[in-house]
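Taken together, the values in this text are just the output of simple stated rules run on the coordinates, not laboratory data. This is a predicted model, so every value here is computed, not measured. With ideal geometry, Cβ positions are generated from the backbone for all residues, glycine too; neighbour counts draw on all protein chains shown.
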Amino acid sequence: MKCNLKSALISDTTLPNALNDWLKNTPLNKEQQNRYASWLNTNGNDIKEVLNEYFSSDSLKDTITPVWLYHEGENSIATILINQNQAAPEPGEYGSLLAYARAYGYDEKFLCSDCYGQLSCSSCAVEVLQGKTKNPTPKDEEYDMLDIDLDRPPTEFTRLSCQTVVGNEPLFCKIRNT
């Protein structure tokens with residue numbers, strides 16, 4: 001599900017302790033945190049319940065991996081609760097951020113991929129700001145592609161979402177404004 005941080009009204013921002021602790025440590029600013037918390041309490045209640053269980057016990061850690069894709073241009077957050085037993089096969093690497101984004105219904109407007117995950121462009125670049133991917137070190141070919149976008153030079157956190165494989169650790173990623 002996707003939370004539009006521009007239109008999410010700030011009302012009840014109370015979250016269970018473990019989930020609240022996680023949210024306070026994200027790269028979101030205070031207003032964005034409050035809007036996301038309010039959204040979880042209104043439109044995202046099912047997600048809130050699963051996230052609360054995930055962060056407060058170990059019962060789901062072998063079953064799901066939470067991934068947040070913050071879209072800087074839209075000022076929105078897609079929350080994806082990835083089923084670890086059903087890896088998304090494509091586009092890109094098996095189990096990649098891009099593959100999961102597509103599998104969970106997020107199209108080109110949300111996360112662009114000009115080459116359909118074939119490692120021949122850099123349009124699907126994201127910044128992995130929290131968490132560790134299954135393949136934390138990019139291949140040489142990925143570095144080559146990251147260097148071609150002069151409008152969005154890579155940072156130490158930049159990865160191609162088609163090459164970034166989701167592991168067992170929660171991820172918070174940013175899709176930079178173009």
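For segment 8-46 and segment 104-118, what is the separation of their C-alpha centers, rounded to whole Å?
27
Among the Cys residues of the chain, which have no other cysteine Cβ under 4.7 angstrom away?
Among the cysteines of the chain, those whose Cβ sits 4.7 Å or more from every other are Cys3, Cys112, Cys124, Cys162, Cys173.
Long-range amide H contacts for Thr13: which residues qualify at under 5 Å (H placed 1.01 Å from N, peptide plane, sequence gap of 5 or more or a different chain)?
none
Could you give log10 I(q)/I(0) at q = 0.18 Å⁻¹ for the chain, computed by the Debye formula over C-alpha point scatterers of equal weight, without solvent?
These q points yield log10 I(q)/I(0) values of -1.17.
Given contacts defined as C-alpha pairs under 8 Å and at least six residues apart, what's the relative contact order of segment 2-175, whole-number percent?
23
³J(HN,Hα) across segment 146-155 via Karplus (A = 6.51, B = -1.76, C = 1.60, θ = phi - 60°), whole Hz, x for Gly/Pro?
5, 7, 7, 8, 6, 7, 10, x, x, 10
Among Lys109/Lys139; Lys30/Lys109; Lys24/Lys48; Lys109/Lys132, which pairs are too far apart, with a Cα-Cα distance over 20 Å?
In this structure, Lys109/Lys139; Lys30/Lys109; Lys109/Lys132 lie more than 20 Å apart at Cα.
Residue separation times 0.36 nm, minus the C-alpha to C-alpha distance between Gln118 and Ala87: what's the value?
Gain in length upon complete extension: 9.4 nm.
Loop only by DSSP, 11 or fewer other Cβ within 10 Å of the Cβ. Give me the trypsin sites (Lys or Arg not before Pro) in segment 5-105 that pass, ordered by residue number.
Lys6
Taking DSSP loops as anything outside H, G, I, E and B, show the longest stretch in the chain free of GluC sites (Glu not before Pro) there with at most 13 other beta carbons within 10 Å.
After excluding every exposed loop site, the longest remaining stretch is 1-71.
From the phi of every residue in segment 100-115, what ³J(HN,Hα) in whole Hz does the Karplus formula 6.51 cos²θ - 1.76 cosθ + 1.60 yield, where θ is phi - 60° and glycine or proline is x?
5, 4, 5, 4, 9, x, 9, 9, 4, 5, 8, 9, 5, 8, 4, 9
Could you grab the relative contact order for segment 3-90? Cα pairs under 8 Å, six or more apart, rounded to a whole percent.
31
Where does helix 45-56 land angle-wise versus the long Cα axis of the chain, in degrees 0 to 90, nearest 10?
In the chain, helix 45-56 runs at an angle near 90 degrees to the longest axis.
Starting from the Cα of Ser59, step 7 Å along the direction of its Cβ; do the same at Arg152; then give the gap between the two resulting points in nm.
Label at Ser59, label at Arg152, 3.8 nm between them.
With an 8 Å Cα cut-off and a minimum separation of 6 or more residues, compute the relative contact order for segment 108-153 in percent.
About 36 percent, as a whole number.
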